[in-house]
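See structure below.
The values are calculated or read from the model by the stated rules, or taken from the named source; none is laboratory data. Because the structure is predicted, anything quoted here is derived from the model rather than measured. Quick reminder, even Gly has a Cβ in these numbers, built from the backbone with ideal geometry, and neighbours come from all protein chains shown. Calculation scope for accessible area: heavy atoms of the full protein, side chains included, ligands and nucleic acids excluded. Shrake-Rupley method; radii C 1.70, N 1.55, O 1.52, S 1.80 Å.
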Amino acid sequence: MGRVTAKTPAELARMRQAGRIVAEALQLVREQAAPAVTTESLDRMVEELILRRGGTPAFKGYRGYPTSICTSINEQVVHGIPGPVELKEGDLLSVDTGVFYEGYAGDAAITVEIGKCSEEARRLKQVAQQALEAALEVVRPGVRVAEISRAIQQTAESAGFSVVREYTGHGIGSALHEEPSVPNYVSPSQLMGGPVLPEGATIAIEPMVNAGTHRVEVLGDGWTVVTKDGKACAHVEHTIAVDKDGAMILTAL
Ligand code: MF3
Ligand code: CO
């Protein structure tokens, strides 16, 4: 495993621009997601916003992925494909999107409640957000990725939930996915130490928190990841830079 590299100030500035467009897109989703709205209409709105702001959708065409956002509802974990399906009251919707701007990427996700959700769904969303915040707290120059993973896992599991193992956060920069991988649990290889993040490293941290089992499977469309037990999942994500003062969120407004 190679050392994790740092971005230059010029690279970070582009990633901040990409991240700002991602944040605006997700803010638009927050405002528009409601009962009877289709997920494909959200995709269309986001794509228009990204293009209008001078960005390029990072997901569309990535390994053949068809759309600019991922919409994952209830037991869907990640990579749900937008379509004619209407959102309904009580759905827990996660929306993930990525943007390239002048050759650099930003990537973030939010989970939103559609109308009034169950108590469990609300708590799941809250705990996923807390897991992300706990991860941001431990970020500093020289932090081990394992410390980030541990913060996420401890937050989720102490709330009685589980974390997905098969999908992880990741380094990000001129590619959507770079080294290192940023697991949401302390992986066997991390027990041996694992990578360290220098100042200027950029990663996407993305807890996927399940109400029931951590086990997941991929549907026949080849993309949509769902929980094995059909219980709900919440997924949130930010792209951050390791700054001397801690985590600098690049996908914030
Ligand atoms: N945010 C996710 C990730 O970083 C989604 C990208 S996968 C795509 O892996 F295929 F939808 F682009
Ligand atoms: Co990501």
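Details
- Criterion: open to solvent by 50 Å² or more (accessible area, probe 1.4 Å) and away from ligand 1 (no atom under 16 Å from the Cβ) - qualifying residue of Gln130, Gln190, Gln153: Gln130
- Check on Ala234, away from ligand 1 (no atom under 16 Å from the Cβ), surrounded by 19 or more Cβ atoms within 10 Å (Cβ to Cβ) and not in a loop (DSSP other than H, G, I, E, B): no
- Restricting Pro82, Pro66 to residues that are part of a loop (DSSP other than H, G, I, E, B), within 13 Å of ligand 1 (Cβ to nearest atom) and exposed (fewer than 15 other Cβ atoms within 10 Å of the Cβ) narrows the list to Pro66.
So that you can scan it fast, the table gives a plain yes or no per residue for (1) touching a residue at least 24 places away in the same chain (Cβ under 8 Å); (2) among the β-branched types (Val, Ile, Thr):
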{"site": "Lys60", "(1), (2)": "no, no"}
{"site": "Ile69", "(1), (2)": "yes, yes"}
{"site": "Asn74", "(1), (2)": "yes, no"}
{"site": "Val85", "(1), (2)": "yes, yes"}
{"site": "Lys88", "(1), (2)": "yes, no"}
{"site": "Leu93", "(1), (2)": "yes, no"}
{"site": "Gly98", "(1), (2)": "yes, no"}
{"site": "Ala105", "(1), (2)": "yes, no"}
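- Of the strands (runs of 3 or more DSSP E) contained entirely in segment 98-201, those carrying at least 2 residues that are in contact with a helix residue (DSSP H, G or I) (Cβ under 8 Å, 6 or more places away or on another chain) fall at 104-113, 178-182.
- Here Glu102 does not fit the description of being more than 28 Å from Asp229 (Cβ to Cβ) and touching a Pro at 6+ places or on another chain (Cβ under 7 Å).
- All conditions in (1) within 30 Å of Val143 (Cα to Cα); (2) among the hydrophobic types (A, V, I, L, M, F, W, C); (3) more than 16 Å from the chain's Cα centre (by Cα) hold for Leu49, with the sole exception of (1).
- Selection status of Arg144, touching a residue at least 40 places away in the same chain (Cβ under 8 Å), more than 13 Å from ligand 1 (Cβ to nearest atom) and at negative phi: yes
- Test: residue in segment 129-136 that is more than 16 Å from Glu237 (Cβ to Cβ) and touching a residue at least 24 places away in the same chain (Cβ under 8 Å): no
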